[in-house]
Every structure is written in structure tokens, then in C-alpha cells.
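This report refers to the structure that appears directly beneath it.
The values are calculated or read from the model by the stated rules, or taken from the named source; none is laboratory data. Remember, it's a predicted structure, so these values are computed and weren't measured experimentally. Backbone-built Cβ (ideal geometry, glycine too); neighbour counts: all protein chains shown. Accessible surface areas use protein heavy atoms only, side chains included; no ligands, DNA or RNA. Shrake-Rupley method; radii C 1.70, N 1.55, O 1.52, S 1.80 Å.
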Amino acid sequence: MTKASDSDKTNPDPSAVEQYIVKDPERFALNMARMVEQAGKAASAWAEPREKGEVRDSVAEPVVDMVKTFSKLTEYWLSDPQRALEAQTRLFSGYMTVWANAVQRAGGENPETTVAPEKGDKRFQDPEWGRNAFFDFLKQAYLVTSRWAGDLVEHADGLDDHTRHKASFYVKQISHAISPSNFILTNPELFRETVASNGENLVRGMKMLAEDIAAGRGDLKLRQADYTPFEIGRNIAVTPGKVIGRSDVAEILQYEPTTDKVLKRPLLICPPWINKFYILDLNPQKSFIRWAIEQGHTVFVISWINPDERHGMKGWEAYIREGLQYALDTIESTTGEREVNAIGYCVGGTLLAAALALLAQEGDDRIASVTFFTTQVDFTYAGDLKVFVDEDQVSAVERAMGEKGYLEGTKMATAFNMLRSGDLIWPYVINNYMRGKDPLPFDLLYWNADSTRMAAANHSFYLRNCYLENNLTKGKMEIAGRSLSLSDITIPVYNLSAKEDHIAPARSVFLGCRFFGGPVEFVMAGSGHIAGVVNPPAQMKYQHWTGGKPVGAFEDWIAHATENPGSWWPHWQKWIEDKDARRVAARKPGDKGKILGEAPGTYVKVRV
């Protein structure tokens, strides 16, 4: 341990204290009054839709589930007095160490840190978290408490797996929420900014809060980026193409070729309806669609409807018949080709897998190869989204959807944001509503905020058959009166997972490989659910792993896999051409059939 000099003790740096003292009390008081005025507007924006009956609060249901989960956790620890005493002793011991360090620091010493933030934790980067005794004490007390709470869940042997998963998730959410970095008086950086601006940051922040609640029509629509520079069709989703088909649930887009010759088999992309398809066409530099065209694919994309009350009864059969099969019919009539290469992304891939099993029974063999991007067909290891799925919670969602025929897009957006609340919620709460700063323009977050509604029948079928009952791999999923079996899918499968995927974990994707009836090429990309997929070769980012057959334990496959630098896109292209490399003259939209409009179409522009 090192001691501070006598001069440091007796003559502390005046600026260390002065930076936390209000210099203009009159102006500060005026800004506090302005902040209260803006807070009133925020409260009004929240209350008015409820008074008019336009919004029904659903906060109670997840809170009740959290209380039930924590009750089971508490029951385990309190059922044995010795166990409870040991848990309390561990927490008390941690606090005493933090307190002893604080006393030493107050005496001018520099003791070793009791507990440090995890690597990559950006919340405590300001130097004052370590230099100032008060803020250092808060930080360490918080870290000791949050880790102790996490250990309570990890070591609660009496919990079933689902309850443990939920308890761990809820503990993380509460830990992120109560972090001292989230509050002005306990965050040195926020404290200094508030003092330096005499509270003007809080006025701006409360004004933004009122605007975001109004934009969410009574619910907070968290602003993660400056969305104003972006416009779909102008600088987002700009790859040239045409709308060549339109049904009640989907528009079919065909893109302009950029090569004289193209692969004989057209390429059909089935994106998720939980998000919009242009994640694959954000801009020319990131666009998988544009890249695929440049490799010689004739690219067709399904653009799903953003459903409203008219689509409440549209289930998976409707999405297969009026989406996937309609797209296949359109491709065949437009190009004259029966054989198609197909791609499914996330839940779009799950629908595609179910459709392939159905079409195999019905004798429709037009899809000759299939690629799945971060797609689950087995939901045993389905990640943190399973926290939101049990009988009580699914029933509550179904009741909410029954009122309008759909689930509000903001509900799904909030659920996805909660999976990474430390990255996607609290940094923006701090930046927007406490620092009063506008977020920066970011096309990916523009897409992330462009949420979609869920048709009631579709979403209920998905939650129950996939997350709740895992029926697809059990052979119990029924569509069109048929029980589906993935073993009926005997065409070649390229199954892409992502190493850090929190929505479709790589282990889950790997497990799903064993249920297909044909050859499977399993690949694991670096990064997560989006960046692992949207990774253009020119950027030379991340890596991907290839290896043997996806059999045995997932860990064994990783141990023997080959790590390759950069994007997996060229590896996939080679796989496609190994199946059929024949080329024909390029096809243009409108060569056969009619053109209904310019890509990216009209369905994608409907906002919630």
C-alpha cells in the first residue's frame, strides 16, 4: 500500500471539491423550475392516453412474474437457517471490506480495490470512480451487492432450470437499473455536467423524455439514435429493384442484376417479420443483398406486411401460403425456373424450415438448397427470450393481442432491448434524459427502432409451438392438418450460427442440425445476431469457424473447428456454387409479368 504525502492530506486539490459545487444558484434554481415544467409535460404525455382508454398498462404482469420468481429463490435460501446465515455473512463481509478500504482512503492511504468491474464494463471509466473516495465506495458497494445477488441464483440448487434462468435474468435487469452510474448524484460525470451547466442538461433531458413518451403514445419509445438523416428508399434500402408481387401478408421484391450472367437458380430470402428485411440492405457497403447480386444471384426478397387488426387471424399457414409459396410461384412465373436457393433469417428461417417440412409432404420440391441465418428449429437452449415464455406469460400476451388482433411493435422492441439492457437501454437513458444530449445518427439503430407489430394468430402459434412446447423437433407441430417432421427436409442445408448470439445461441442452432434429413454444413460466425450475419468481406472484421459434421457435443465441434479470418460470405458462395454453378443470361424485373412499384416497396415503409 502507498500513502499520500502530508501536503496531499492537508492541502487537497480545491478543484476536486469545487467541480461539484453550483456556481450560479439563481440560474440553477431557474433551470430546476424549467425541468419540473418539462416533467409535467412528460407526465401528461403518459397519463392522457390512459385517461382516454387508449393504453392499457401491462406492467403488472411481468412484475408479478418477477415477484413469483424471487419468492422461489428466497424460499430456497430461507428454508435452511444455516444457509441463510452464510449468505448474509458473505454480503456483510464484502461490505466490511469495502468500508475498511474507504476508511483507509479517507486517511490518505491507497488500498487495493476490493472488487473491480468486469472487463468491458464501460459504466465506471471516469477517473473519479477510482480517485474520489465517495464514488469509489459507491462503485465497490454496488459491485459487491450485484455479484452477491448473482451468486444467490447460481448456487440455489433447489431451483428448476426455467426458474433459475428467469431469476438470473431479473437479477441482471435490477442490477443494471440500480447502478450508481444511472443517477446524477452518484455518477461523478453526470454530477459535474449538471453543475457545469447549472442544470440545463436536465431541462433538455426532460424535454426529450416528454417527446419520447408522446412518440410512443403513452409508452416510452427510447431514442437510440438520431433518426432524422435516414429515409427508407433514399439512403436506407437503396439497392435497385422492383416490386413484382403483392399479397395480404407480403410484397415480393426482385432486384436488378449487375452481371451479364447469373446463377441458374434464383435466390429467395425469407427475412423475419419481427424486424424489417432491410437489415440485409442497410447501405451499399453493408448490403448482403447487393453483394449477392454482384456474385451473380438473381435475388428475390419477401417484404412482410406490418400487420394491423385485419391480419389478426393470419397464422403460420397463411404466412407460408401467401408469403413463401406465393414468392415461389412468382419466381417461377417470372424466371421460368423451378429450382430455387432459399435463405431464412431468424424466425424467418424457422418458418422456412416448417414450410420445407410441409412442402416435402405435399410434393413441392422447388427449393433445392436452404441456408439458415441464426435460426432455431429446436428451442431447448433458446437463450434469454425463454424468460418471457411460460404458460402464464403467453396467456397474458394472448389476452393483450386479443383486444386489437396484434401485439404492439414496441412490446417486442422492449423485450429485445432488455436482452442487452446494459448496452441498449441504460446508456441511452443516461445520454438522453440526464445529459440532455441527442444520440448520434446510426443506420443500424434506425433499423432497430423501426419496429413491427405481431399478428395475433402468428405470434401465438410461434410462442406456443416453438418456445413453450418445442414442437417442431418433436414432430408435433401441425400446419394445414399435417404433423411436420424436419427429417423430411433432405435438401442440402447451410446452417449459420453466431458465437455471441443472445437471441439464437450458437449451441441452440448446433443442436437443431441433427433433426434435418439431409447433409448439413454448420458454420459459426464471430460476433452476434446482427453483426455476425451482416459482415461484408471488404471490412475484414471478425472471423468464422468451419469444421466437420455437426454431430456430438457442441464444445467438441468448436475444439476441432478451423478458425478462418474475416467474413463467412465467400465460404457460403462457394457452398452455393458447389451445388449448382450453371449460369444463364441475366434476368431483369419485369421481363415477364408486371411491375407494381420500385423497391423497397410500400409494406416496409409502414411504421408503428
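Numbers below:
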read-out	value
Test: residue in the range 296-307 that is at pLDDT 95 or above and part of a helix (DSSP H, G or I)	no
Verdict on Ala525 being of a type outside the set (Lys, Arg) and without any contact (Cβ under 8 Å) to a residue 12 or more places away in the chain	no
Val36 being open to solvent by 70 Å² or more (accessible area, probe 1.4 Å), more than 30 Å from Trp148 (Cα to Cα) and modelled with pLDDT of 85 or more	yes
Residue that is least open to solvent (accessible area, probe 1.4 Å), among those in the range 372-406 that are in contact with a strand residue (DSSP E or B) (Cβ under 7 Å, 6 or more places away or on another chain) and assigned to a helix (DSSP H, G or I)	Met401
Filtered residues of the range 150-192 (kept if of a type in the set (Phe, Trp, Tyr) and open to solvent by 40 Å² or more (accessible area, probe 1.4 Å))	Phe183, Phe191
Of the criteria (1) assigned to a helix (DSSP H, G or I); (2) open to solvent by less than 10 Å² (accessible area, probe 1.4 Å), which one Trp291 fails	(2)
Residue match in the range 456-468 (condition: buried (at least 19 other Cβ atoms within 10 Å of the Cβ) and in a loop (DSSP other than H, G, I, E, B))	no
Condition check for Ser15: assigned to a helix (DSSP H, G or I), modelled with pLDDT of 90 or more, more than 29 Å from the chain's Cα centre (by Cα) and more than 16 Å from Val203 (Cβ to Cβ)	no
Residue count, the range 257-282 (criterion: of a type in the set (S, T, N, Q) and at pLDDT 95 or above)	2
Some residue of the range 351-371 being hydrophobic (A, V, I, L, M, F, W, C), outside any loop (DSSP other than H, G, I, E, B) and under 17 Å from the mean Cα position of the chain (by Cα)	no
Residues being out of contact with any His (no Cβ under 8 Å at 6 or more places or on another chain), touching a residue at least 12 places away in the same chain (Cβ under 8 Å) and over 15 Å from Ile331 (Cα atoms) - total across the range 229-256	10
Hey, Arg147 in contact (Cβ under 8 Å) with a residue 24 or more places away in the chain, closer than 20 Å to Arg420 by Cα and crowded, with 19+ Cβ neighbours inside 10 Å or not	no
Criterion: under 30 Å from Ala396 (Cβ atoms), at pLDDT 85 or above, assigned to a helix (DSSP H, G or I) and not hydroxyl-bearing (Ser, Thr, Tyr) - qualifying residue of Lys139, Lys172	Lys172
Pairs with Cβ under 6 Å, 6+ apart, first in the range 184-203 and small (Gly, Ala, Ser), second open to solvent by 20 Å² or more (accessible area, probe 1.4 Å) and modelled with pLDDT under 95	Gly199/Phe28; Gly199/Met32
Residues (open to solvent by less than 20 Å² (accessible area, probe 1.4 Å), of a type in the set (Gly, Ala, Ser) and touching a residue at least 60 places away in the same chain (Cβ under 8 Å)) located in the range 528-557	Gly532
Hey, Ala581 among the small types (Gly, Ala, Ser) and surrounded by 15 or more Cβ atoms within 10 Å (Cβ to Cβ) or not	no
Test: residue in the range 407-420 that is out of contact with any Phe, Trp or Tyr (no Cβ under 8 Å at 6 or more places or on another chain), open to solvent by less than 20 Å² (accessible area, probe 1.4 Å), outside any helix (DSSP H, G or I) and more than 19 Å from Gly216 (Cα to Cα)	no
Candidates Arg83, Arg90, Arg56, Arg105, filtered to the one that is in contact (Cβ under 8 Å) with a residue 12 or more places away in the chain, part of a helix (DSSP H, G or I) and either over 36 Å from the mean Cα position of the chain (by Cα) or within 30 Å of Asp392 (Cβ to Cβ) (or both)	Arg105
Filter result (buried (at least 24 other Cβ atoms within 10 Å of the Cβ) and farther than 16 Å from Ala599 by Cα) within the range 250-265	Arg265
Residues within the range 428-443 that are closer than 28 Å to Lys605 by Cβ and open to solvent by less than 50 Å² (accessible area, probe 1.4 Å), tallied	4
Test: residue in the range 331-340 that is modelled with pLDDT of 95 or more, open to solvent by less than 10 Å² (accessible area, probe 1.4 Å), part of a helix (DSSP H, G or I) and on the phi < 0 side of the Ramachandran plot	yes
Of all residues in the range 477-522 being β-branched (Val, Ile, Thr), open to solvent by less than 10 Å² (accessible area, probe 1.4 Å) and not in a strand (DSSP E or B), the one that is farthest from Thr374 (Cα to Cα)	Ile489
The listed residue being without any contact (Cβ under 8 Å) to a residue 24 or more places away in the chain and among the hydroxyl-bearing types (Ser, Thr, Tyr), out of Ser497, Ser483, Ser508	Ser483
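Here is a yes/no grid of residues against (1) under 27 Å from Phe416 (Cα atoms); (2) modelled with pLDDT of 95 or more; (3) out of contact with any helix residue (DSSP H, G or I) (no Cβ under 9 Å at 6 or more places or on another chain):
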residue: Ile491; (1), (2), (3): no, yes, no
residue: Ala498; (1), (2), (3): yes, yes, no
residue: Cys513; (1), (2), (3): yes, yes, yes
residue: Phe516; (1), (2), (3): no, yes, no
residue: Met524; (1), (2), (3): yes, yes, no
residue: Glu563; (1), (2), (3): no, yes, yes
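Residue by residue, here is whether (1) out of contact with any strand residue (DSSP E or B) (no Cβ under 7 Å at 6 or more places or on another chain); (2) of a type outside the set (D, E, K, R) holds:
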| residue | (1), (2) |
| --- | --- |
| Leu419 | yes, yes |
| Ala455 | no, yes |
| Glu469 | yes, no |
| Gly481 | yes, yes |
| Ser497 | no, yes |
| Ala506 | no, yes |
